[in-house]
Amino acid sequence: MSPQDWSAIALTLRLASISTLLLLALCIPCAWWLAHSRSRLRPFMEAGAMLPLVLPPTVLGFYLLLAFGPHGPVGKLTTSLGLPGLAFTFPGVVLASILYSLPFVLQPLLASFRAVRQEELESALLLGAGRWQRMRHVILPSCRSGLLSAACLGFAHTVGEFGVVLMIGGNIDGETRVISIALYNQVEQANYGAAHQLALMLLLFSLAALSAVYWLNARQKQSE
């Protein structure tokens with residue numbers, strides 16, 4: 001593999017790490033609200049959050065490119081604030097990855113939060129635990145497997161992204177060229193040996209991530 005391929009691997013791991021941390025911070029409160037809210041807007045908000053599951057990545061990337069471009073609403077806002085644009089930049093790819101991987105982090109958290117027993121929350125409330133204390137000492141520990149599954153799926157899904165990253169980030173070495181795009185470049189140049197190494201790396205990583213998720217789910221069922 002070329003130095004550019006190794007640079008793409010490092011950039012991909014950096015992108016997946018940042019996106020996963022931000023997704024967990026965003027999805028934990030959102031999942032808790034969706035799991036327990038009785039608002040009439042809840043089904044529509046949940047459907048909107050899950051939309052990337054069925055929406056082609058190029059469609060999402062196209063609309064993000066329009067929004068992040070110089071004439072889009074986000075692009076105009078960053079320009080008015082004196083900030084650099086997001087299109088074809090690493091921060092733009094991070095935001096796109098967060099939106100595209102959102103359902104893969106939100107779904108395991110939703111399932112875990114909906115499985116929390118109401119008796120545990122009521123006992124903590126009777127003992128005087130506040131909202132943050134209940135979340136920290138009761139809810140999150142009991143949903144540990146769901147949190148780890150969400151992190152594994154979010155990280156693995158971000159590692160394998162192609163369409164969204166290509167649309168919003170392009171193919172800039174050291175800035176937006178991730179492993180999937182590097183693989184595409186090697187195939188396009190007929191460097192099948194290097195392409196095979198990158199593809200095998202993604203295949204083994206995906207298998208390991210899914211195995212970890214299923215192992216965590218099996219362990220959670222045994223402990224119930």
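The values are calculated or read from the model by the stated rules, or taken from the named source; none is laboratory data. Note that this is a predicted model, so its numbers are computed, not measured. Neighbour counts are summed over all protein chains in view; Cβ atoms, including those assigned to glycine, are modelled from backbone coordinates with ideal geometry.
Some values worked out for this structure:
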item	result
Members of segment 132-181 that are modelled with pLDDT of 90 or more, under 30 Å from ALA35 (Cα atoms) and of a type in the set (Phe, Trp, Tyr)	PHE155
Qualifying residue in segment 24-37 (condition: within 16 Å of GLY163 (Cβ to Cβ), in contact with a helix residue (DSSP H, G or I) (Cβ under 7 Å, 6 or more places away or on another chain) and in a helix (DSSP H, G or I))	no
Residue that is nearest to VAL105 (Cα to Cα), among those in segment 22-46 that are surrounded by fewer than 19 Cβ atoms within 10 Å (Cβ to Cβ) and under 13 Å from the mean Cα position of the chain (by Cα)	LEU24
Any hit, segment 37-47, residues being within 20 Å of VAL93 (Cα to Cα), of a type outside the set (S, T, N, Q) and modelled with pLDDT of 90 or more	no
Subset of segment 100-115 [free of Cβ contacts under 8 Å to residues at least 60 places away in the same chain and out of contact with any Gly (no Cβ under 9 Å at 6 or more places or on another chain)]	PRO103, GLN107
Residue within segment 107-119 that is at pLDDT 90 or above and either surrounded by fewer than 19 Cβ atoms within 10 Å (Cβ to Cβ) or closer than 13 Å to MET167 by Cβ (or both) present	no
Close pairs from segment 177-205: first on the phi < 0 side of the Ramachandran plot, partner surrounded by 15 or more Cβ atoms within 10 Å (Cβ to Cβ) and among the acidic types (Asp, Glu), Cβ under 7 Å, at least 6 apart	VAL178/GLU161; SER180/GLU161; ALA182/ASP5; ALA194/ASP5; LEU198/ASP5
Qualifying positions in segment 13-23 - in contact (Cβ under 8 Å) with a residue 12 or more places away in the chain, out of contact with any helix residue (DSSP H, G or I) (no Cβ under 6 Å at 6 or more places or on another chain) and of a type outside the set (A, V, I, L, M)	SER17
Test: residue in segment 30-41 that is more than 25 Å from ASP173 (Cβ to Cβ), touching a residue at least 12 places away in the same chain (Cβ under 8 Å) and of a type in the set (Gly, Ala, Ser)	yes
Residues satisfying the stated conditions in segment 71-111, i.e. more than 13 Å from the chain's Cα centre (by Cα), within 18 Å of GLY169 (Cα to Cα) and of a type in the set (S, T, N, Q)	THR78, THR89
Residues of segment 47-82 that turn out to be under 20 Å from GLN107 (Cβ atoms), free of Cβ contacts under 8 Å to residues at least 60 places away in the same chain and in a helix (DSSP H, G or I), as a count	7
